[in-house]
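See below for the structure under consideration.
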Amino acid sequence: MKDAAPQTIYLKDYTPFGFAVESVSLTFRLHPTATRVISKIRFTPIPDASDTRFFLHGEQLKLISAKIDGVEINTKMVEGGLEADVPDVPFTWETEVEINPQANTALEGLYMSNGMYCTQCEAEGFRKITFYPDRPDVMSVFDVKIEADGDNTPIMLSNGNGVELSKARATWSDPWPKPAYLFALVAGELIAHRDTFTTLSDKQVQLAIWVRPGDEHKCAFGMAALKKSMKWDEDVYGREYDLDEFNIVAVDDFNMGAMENKGLNIFNSSCVLASPETATDGNFERIEAIIAHEYFHNWTGNRITCRDWFQLCLKEGLTVFRDAQFTADMRSEPVKRIDDVITLRARQFPEDQGPLSHPVRPESFQEINNFYTATVYEKGAEVIGMLKTLVGDEAYSKALDLYFMRHDGQACTIEDWIAVFEESTGRDLNQFKLWYSQSGTPEVAVREAYDGTTFTLHLSQSSAPTPGQSQKAAQVIPVTVGLLNDNGDEILPTQVLELTQEEQSFTFEGHASRPIPSILRGFSAPVTLRQDIDNTRRAFLLAHDTDAFNRWEAGRDLARDSLLGAVLEGTPHNTAYLQGLKAVLSDETLDPAYRALMLGQPSQSELASELHKMGHTPDPAAIHTASEALRRAKAEAFSDLLPGLYADNQVAGTFSPDAGPAGQRSLANAALSLLTRLDQGKTAAQQYASADNMTLQLAGLSALLDAEKGEDALETFYDQWQNDRLVIDKWFSMQVMHAKPAALTKTVRKLCDHPDFEWKNPNRFRAVMGMLAAHHAGFHHESGGAYELLADWLIRLDPVNPQTTARMCAAFQTWKRYDQTRQTMIQGQLERIASQNGLSRDTTEMVTRILEG
Ligand code: PHE
Ligand code: ZN
């Protein structure tokens, strides 16, 4: 049997499967290199089906036997699976196959991670476990029997409720029909951290987080996050959990963050395990969000799933939106919004502006794994946020109730989703749907006019061509606006302007003096805003805007312009910005977490993108110099303020990862980073030496590395944490992040020779190679050495783990921004990757799209 050859799949070609699956019963006889999987599947032909071909997906399976209704049959092996002649009445299909979990380094299907059996089936991994119609619109109930592999697998888990659990055998039954991508099995030596949750209808759910012995002390936070998520989904969406138990497992080798398998979520250990000593505040927050995300999928993804993989955003966009609401409720709403916009600009905007640009709902793909992107996830969530803004909170709730009621148990499309909003609001959402089909980031330009009483905003929208889409239609863009007077008082609270045409004007009557608008409050749409305003106006908004997001944004705009001026004209840093920022930092009524964000500045990559859009060729070295100079300018301008900010935000007492103390630590650490530029690392050394939690220890180390005084600390850090993989990932990352641009490849080469560089582990590979690509000035160093080094490692990883390799190819997606020499070097590396024999379908698609886009 051959794996499927690269081939483009189109949304427009969707046809339903000609058979319904009534039930699936699976038996696993576990063995590291020869696991047997026996399947018994009840099929019913669907009357008048348009496609009557009986084709089952299957890859890397050794077929032992196949039977229909108990009689051995002949099957025909075809590309990507098998075909058989089957009865035109209901029948029982039985196969036995053999698979090799140990040899499965791709981490898709059934594989072994550190002696533990584990599965990953989304998107198309179930076909590596047994022959099956591996498509999300085929849903069935599953019964699973697991037979132990000697004494090594005392714990054996699968979806649903445990029916019979003994040392040699476990039986699981999942009563909820599900697509195969939600199947999961875990077996090994595991320990449970247990708790219970009582649902809104008073049912008790047994909760467990399963970890390897030694990690028990890192589960409490994840468990608390799970219980909060369960409660929140009841309170806010009326969604109750639907099984007697809910299990989470932590595994060390995992391609993504986590997976929402029904009743048995599987987590990358980095996304669930946390203790104050080993995890930073950032880790805690991320873990809480990912636990919530996977839990929320139980309704948005599992009970209502996707008809086909083109509809991925149906579950992902909505679930990201829900987890963002949750985090905003648990922590600070403006801080969460700012964090999300920073991520969107860092990850989604570059995707949209480069060769990989695709709509939130793509129309074709070769390898679906390549479409788990920031566009599908984060822009997909933004689209839902806009919908909510346009229809209002109440209508949003009503539409969701209808969605859950009407589509429970179904595999749906974006059309189904939009229809519940159209029906429950009576609104025509045809034009809104363009957000799902049109790629690229729209630009909204604003012009202001005032005649003594009437204030007018002239808005226009445009969108640059993207691959496959040269002409764009006007989209529905909710632009939120508030008005301020000269004193900074809000004279008109936030309104939603609906920009639906290419150009449109909005008037505000009865203003005796010229109002000052605050536009795109809360970042009401994923667009770039072009506003012809000067620094005085921006400084005013930085001082007075009543919208926390836009106040932050004003500072960000000032920082960006200051940096661009420094890069292009060598102008000194903007004093209006520094003064305004100083006032904000000193304002103790403002949340420390928010003030810490205010201290940030646009990333070097964001500046490169900006320069490119302005028609300049970005010079990574100049951008690096300007960015560092701005930090130094801040350190000097705030020299009298920093020691106080640092001292006042030290948190006493037992560590708590809650938003309050975490915000204080983030402000103190931001102050420390600047202070280090003034005291040569004195404060940082003290903090590093006395830290009793990872947030402080890592920030101390980071500042010491900045001051080029980190050598000893790196050694003690390693000695202290060498047995903790997740912390050692940080140790690797830190050294890459803090390398001088010209020394980056040398540093990384040295790290790659370290005995702990277990490159087949995705977390470790990303800790080094991901950071190499993220180091803007070093990655784009004129020598081209980093391009070559990354390409070398991608070529090495591809045969081992195509998914992780392909994702990391995106490091090259911005190549057309840079000068001819760099472009030629990158092109050479991409072509070298493309020319490898046997290159995976995943990587082939990515490299080709990047080269051709
Ligand atoms: N569905 C997972 C999530 O977003 C992500 C994932 C995709 C994990 C594919 C593994 C493989 O929650
Ligand atoms: Zn998800």
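The values are calculated or read from the model by the stated rules, or taken from the named source; none is laboratory data. Remember, predicted model here, so these are calculated numbers, not experimental data. We place every Cβ from the backbone using ideal geometry, glycine too, and count neighbours over all the protein chains shown. Just the protein is used for accessible areas: all its heavy atoms, side chains included, with ligands, DNA and RNA removed. Shrake-Rupley method; radii C 1.70, N 1.55, O 1.52, S 1.80 Å.
Per residue, how large is the accessible surface of segment 202-348? Use a 1.4 angstrom probe and give square angstrom.
Per-residue value: 26 Å².
Heavy-atom accessible area of Cys809 with all protein chains present, probe 1.4 Å, nearest 10 Å²?
Ignoring ligands and nucleic acids, Cys809 comes out at about 0 Å².
Report the calculated FRET efficiency for Trp759 and Thr716 (r = Cβ-Cβ distance, R0 = 30 Å), to the nearest 0.05.
With R0 = 30 Å, the Cβ-Cβ based efficiency is 0.75.
What figure, in Å² to the nearest 10, do you get for the accessible area of Lys67 with a 1.4 Å probe and non-protein molecules left out?
Counting only protein heavy atoms, the figure is 60 Å².
Please arrange Tyr718, Tyr396 by accessible surface area, largest first, computed with a 1.4 Å probe and ligands excluded.
The ordering from most to least exposed comes out as Tyr718, Tyr396.
What figure, in Å² to the nearest 10, do you get for the accessible area of Asp532 with a 1.4 Å probe and non-protein molecules left out?
Estimated to the nearest 10 Å², Asp532 gives 150 Å².
Which lysines does Lys379 reach when only Cα atoms under 19 Å apart count, and residues fewer than 8 places away in its own chain are ignored?
Result set, ordered by chain and number: Lys315, Lys336, Lys388, Lys433, Lys472.
³J(HN,Hα) across segment 9-14 via Karplus (A = 6.51, B = -1.76, C = 1.60, θ = phi - 60°), whole Hz, x for Gly/Pro?
Karplus values, whole Hz, x for Gly and Pro: 9, 10, 4, 5, 8, 4.
Students sometimes get this wrong: rank Val481, Val800 by accessible area, probe 1.4 Å, all chains present, largest first.
Most to least solvent-accessible, the answer reads Val800, Val481.
For the chain, take the longest principal axis of its alpha carbons; what is the angle in degrees between that and the long axis of helix 312-330, to the nearest 10 within 0 to 90?
The helix 312-330 is inclined about 50 degrees to the chain.
Cα to Cα, under 29 Å, and not fewer than 8 places away if on the same chain: which lysines meet these conditions relative to Lys62?
Lys2, Lys40, Lys76, Lys128, Lys145, Lys167, Lys178, Lys262, Lys760
Can you compute 3J(HN,Hα) from phi for each residue in segment 410-423, using the Karplus curve 6.51 cos²θ - 1.76 cosθ + 1.60 with θ = phi - 60°, rounded to whole Hz and x for Gly and Pro?
Whole-Hz 3J(HN,Hα) from phi for segment 410-423: 10, 10, 10, 10, 4, 4, 4, 4, 5, 4, 5, 6, 5, 5.
Per residue, how many Å² of accessible area does segment 414-551 show with a 1.4 Å probe?
About 42 Å² of surface per residue is accessible.
Treat each spin label as a single point 7 Å out from the Cα along the C-beta direction, and report the Leu568 to Val78 distance in nm.
My value for the distance between the label points is 5.8 nm.
Taking the Cβ-Cβ separation of Ser603 and Asn430 as r and a Förster radius of 41 Å, what is the calculated FRET efficiency to the nearest 0.05?
About 0.65, to the nearest 0.05.
Between Gln410 and Glu852, what length comes free when the chain is fully extended (0.36 nm per residue of separation minus the Cα-Cα distance, one decimal in nm)?
155.3 nm
Relative contact order, percent, of segment 189-278 when contacts are C-alpha pairs under 8 Å separated by at least 6 residues?
Dividing the mean separation by the residue count of segment 189-278 yields 27 percent.
For segment 593-653 and segment 430-446, what is the separation of their Cα centres, given in Å?
31
Mind pulling the angle between the C-alpha long axis of helix 281-296 and the longest principal axis of the chain? Nearest 10 degrees, somewhere in 0 to 90.
With rounding to tens, the tilt is 40 degrees.
Quick check: pseudo-label points 7 Å beyond the Cα along Cα→Cβ at Asp658 and Ala743, how many nm apart are they?
Label-label distance for Asp658 and Ala743, simple model: 4.2 nm.
Decide, for segment 455-584, between rounded, prolate and oblate: order the square roots of the alpha carbon gyration tensor eigenvalues as a ≥ b ≥ c, take rounded if a/c falls under 1.5, and otherwise choose prolate if a/b is larger than b/c, else oblate.
oblate
What order do Asp329, Asp619 take when sorted by accessible area (1.4 Å probe), most exposed first?
Asp329, Asp619
List the residues, sorted by chain then number, that are 5 or more residues from Leu529 or on another chain and whose placed amide H is less than 5 Å from its amide H.
Val444
Can you compute the radius of gyration and Dmax for segment 618-748, using only the Cα atoms, both in Å?
Expressed in Å, the Cα Rg and Dmax of segment 618-748 come to 15.4, 47.
From Cα pairs below 8 angstrom and at least 6 apart in sequence, can you work out the relative contact order of the chain, rounded to a whole percent?
8
Taking the Cα centre of segment 609-733 as origin, sum charge times position over the Cβ atoms of Lys and Arg (+1) and Asp and Glu (-1), and report the length of that vector in debye to the nearest 20.
Roughly 300 debye for segment 609-733.
At 7 Å along the Cα-to-beta-carbon direction for both Asp69 and Glu164, put a label point, then send me their distance in nm to one decimal.
A separation of 2.9 nm, rounded to one decimal place.
For a protection proxy built on the mean count of beta-carbon atoms within 10 angstrom, sort 191-201, 54-64 highest first, please.
54-64, 191-201
How far, in degrees from 0 to 90, does helix 694-706 lean away from the longest principal axis of the Cα atoms of the chain, to the nearest 10?
The angle comes out at about 60 degrees.
Under the rule of -39500 (n - 2.57) per DSSP H run of 4 or more residues, summed and divided by the residues of the chain, what mean residue ellipticity at 222 nm is obtained, to the nearest 500 deg cm²/dmol?
Taking each H run of at least 4 residues, the total per residue is -12000 deg cm²/dmol.
Classify segment 232-379 from the C-alpha gyration tensor, please: rounded if a/c falls under 1.5, else prolate or oblate depending on whether a/b exceeds b/c.
Note, shape of segment 232-379 comes out rounded.
So what J values fall out for segment 803-809 if you push phi through Karplus, 6.51 cos²θ - 1.76 cosθ + 1.60 with θ = phi - 60°, rounded to Hz, Gly and Pro as x?
Working through the residues one at a time gives 4, 5, 4, 4, 4, 6, 4 Hz.
Please report, as a whole percent, how much of the solvent-accessible surface of the chain comes from carbon and sulfur atoms (probe radius 1.4 Å).
48
Which residues' amide hydrogens lie under 5 Å from the amide hydrogen of Ser140, considering only partners 5 or more residues apart or on another chain, with H built in the peptide plane?
Here Lys178 satisfy the definition.
Order 569-579, 105-115, 503-513 from most to least packed using the mean count of other Cβ atoms within 10 Å.
Top to bottom by mean Cβ count within 10 Å: 105-115, 569-579, 503-513.
Once you have a ≥ b ≥ c as the square roots of the Cα gyration tensor eigenvalues for the chain, tell me rounded if a/c is under 1.5, and otherwise prolate or oblate according to whether a/b is larger than b/c.
It comes out prolate by the Cα gyration axes.
Where in segment 705-747 are there GluC sites (Glu not before Pro) that are in a DSSP coil and have at most 13 other Cβ atoms within 10 angstrom of their Cβ?
Glu708
If you place +1 on the Cβ of every Lys and Arg and -1 on the Cβ of every Asp and Glu, how big does the dipole about the Cα centre of segment 120-160 come out, in debye to the nearest 20?
120
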